[in-house]
Amino acid sequence: MILDALHRIANHRQSLSREEAHAVMTEVLSGQCSDAQIAALLVALHMKGETVEEIVGFAEAIRAAAIPFAQLFDLRFRSRMIVVLALLTMLIYPWYPRFHVDYNFDESWPWMA
């Protein structure tokens with residue numbers, strides 16, 4: 001799809017419809033396009049001038065591919081984080097007394113007593 005879109009935009013200066021722009025951005029976001037193809041698409045769009053329909057199609061595809069923020073912190077994620085934090089605590093705690101410094105304010109800083 002991106003090669004057809006590149007041909008239409010770069011060679012014929014035709015605009016993409018909303019559905020075509022959505023399909024192209026879906027292909028880009030799915031990782032099916034090379035970096036050179038993505039760069040060529042962006043340069044061709046800039047040279048032609050982006051239309052509202054193209055921008056709306058791209059935005060709809062990006063929103064459709066985005067993961068809702070609430071799903072990032074589902075129950076499985078939280079439970080895994082609790083386990084990881086517990087393991088880190090068990091690993092760090094045995095060495096904690098070695099790093100502890102007991103300041104004697106009476107001898108070193110008499111005004112703090």
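I need a count of the residues in the stretch 1-17 that are surrounded by 14 or more Cβ atoms within 10 Å (Cβ to Cβ) and over 16 Å from residue 34 (Cα atoms).
5
Can you report the number of residues in the stretch 38-64 which are under 15 Å from residue 1 (Cβ atoms) and surrounded by fewer than 17 Cβ atoms within 10 Å (Cβ to Cβ)?
Of the stretch 38-64, the ones under 15 Å from residue 1 (Cβ atoms) are 38, 40-41, 44-45, 54, 57-58, 61.
Cutting the leftovers down to surrounded by fewer than 17 Cβ atoms within 10 Å (Cβ to Cβ) gives us 38.
Residues flagged as under 15 Å from residue 1 (Cβ atoms) and surrounded by fewer than 17 Cβ atoms within 10 Å (Cβ to Cβ) within the stretch 38-64 amount to 1.
Of the numbered conditions (1) in a helix (DSSP H, G or I); (2) within 23 Å of the chain's Cα centre (by Cα), residue 53 satisfies every one except a single condition; which is it?
Here residue 53 meets the rest and fails (2).
FYI, it's all coordinate maths here, none of it is from the lab. On a predicted model such as this, the values are computed, not experimentally measured, just so you know. Note: ideal-geometry Cβ built from the backbone for every residue, glycine included; neighbour counts use all protein chains shown.
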